[in-house]
Amino acid sequence: MQPLIEVEGLRYAYPDGTEALRGVKFRMQAGESVALLGSNGSGKTTFLLHMAGLLDGEGSIHIAGERMTAATKPALQQKTGYVFQDSDDQLFMQTVLEDIAFGPLHRGMSPEAALARANELLAQLNIAHLANRAPYHLSAGEKKRAALAGVLAMQPEILIFDEPTTFLDPPGQRELALLLRGLPQAKLIATHDIWFARQVASRAAFFRDGQICGEGSVDDIVQRFDWNLK
Ligand SMILES: Nc1ncnc2c1ncn2[C@@H]1O[C@H](COP(=O)(O)OP(=O)(O)OP(=O)(O)O)[C@@H](O)[C@H]1O
Ligand SMILES: [Mg+2]
């Protein structure tokens with residue numbers, strides 16, 4: 001089966017010269033959910049930004065068989081949806097409903113259809129009661145759901161999460177895990193939360209010094225890299 005994501009020799013240095021990715025090789029099939037584990041500064045966020053076409057490194061990235069280039073990037077970006085670590089980076093309209101409808105509207109959908117889709121997502125994510133609230137007044141867990149609804153409104157094939165449980169209380173983390181388990185899209189999830197990774201990921205990739213140096217089940221990786229609280 002053709003991989004949904006295929007990355008070869010991905011290297012990237014930030015403008016200040018910091019080498020964040022040093023030759024990453026990675027593959028993922030449709031429907032998989034992969035946890036990206038590894039220490040602070042090991043390159044997880046930088047990798048995710050490349051998958052969403054938000055940074056351009058050396059090497060190759062294929063999404064659904066198509067190589068990401070300047071020409072193909074706009075179309076390939078529609079296949080990925082990035083849920084930022086801080087929901088405040090994502091929510092900017094006056095109300096939650098408008099925020100969720102914004103993407104589809106911007107892509108040319110009629111206002112009626114965009115609002116209908118936003119309302120469906122509000123219901124699916126159990127936040128219909130927040131439709132007319134201002135995003136910046138919501139709790140962290142509510143914001144996370146609203147941001148996810150906005151991403152799902154664009155109907156991406158790949159969902160990208162950077163530290164999705166930051167700011168969420170334990171019930172909020174449980175609810176998010178359940179929600180993600182119910183979503184059919186492929187998922188890439190950078191997290192330090194091993195409990196969460198076990199709940200939502202079918203496997204894990206371990207980052208070290210800008211490379212993926214191990215892959216396996218979450219439990220294998222935790223054991224192999226002694227990646228737990230003791
Ligand atoms: N904007 C930036 N400019 C310069 N260097 C950066 C920038 N962002 C990240 N880096 C550096 O790139 C490397 C990889 O960082 P990255 O944020 O990808 O790591 P991470 O694995 O996501 O870490 P964390 O677990 O702390 O989120 C680090 O050395 C970091 O200091
Ligand atoms: Mg990070």
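At-a-glance table
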read-out	value
Evaluated at q = 0.08, 0.18 Å⁻¹: base-10 log I(q)/I(0), Debye formula over Cα of the chain	-0.29, -1.38
Residue-span extension gain [Ser39 to Asp86] - 0.36 nm each, minus C-alpha spacing	15.0 nm
Sequence-distant residues sharing a close amide H with Val24 (under 5 Å, placed H)	Gly9, Leu10, Arg11
Flagged links, alpha-carbon separation over 21 Å, of Lys44/Lys187; Lys144/Lys187; Lys25/Lys187; Lys79/Lys187; Lys143/Lys230; Lys44/Lys230	Lys143/Lys230; Lys44/Lys230
Shape of the stretch 23-67, Cα gyration tensor, a/c cut at 1.5	oblate
Residue-averaged 222 nm ellipticity for the chain, from DSSP H runs of 4+ at -39500 (n - 2.57), nearest 500	-9500 deg cm²/dmol
Per-residue Cβ neighbour rank within 10 angstrom, fewest leading, Thr69, Thr46	Thr69, Thr46
Gyration tensor (alpha-carbon) shape descriptor, the stretch 24-97, a/c threshold 1.5	oblate
Integer Hz, Karplus 6.51/-1.76/1.60 couplings in order for the stretch 12-22, x for Gly and Pro	8, 10, 5, x, 7, x, 5, 7, 8, 10, 10
Three-way shape label, the stretch 102-221, alpha-carbon gyration tensor, a/c 1.5	prolate
Mean Cα-pair separation over length for the chain, i.e. relative contact order, pairs under 8 Å, 6 or more apart, %	27
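Read-outs: derived from the displayed coordinates by stated rules, not from any lab. Given the structure is predicted, the values throughout are model-derived calculations rather than measurements. Counting neighbours? That spans all protein chains shown, and the Cβs are built from the backbone with ideal geometry, glycine included.
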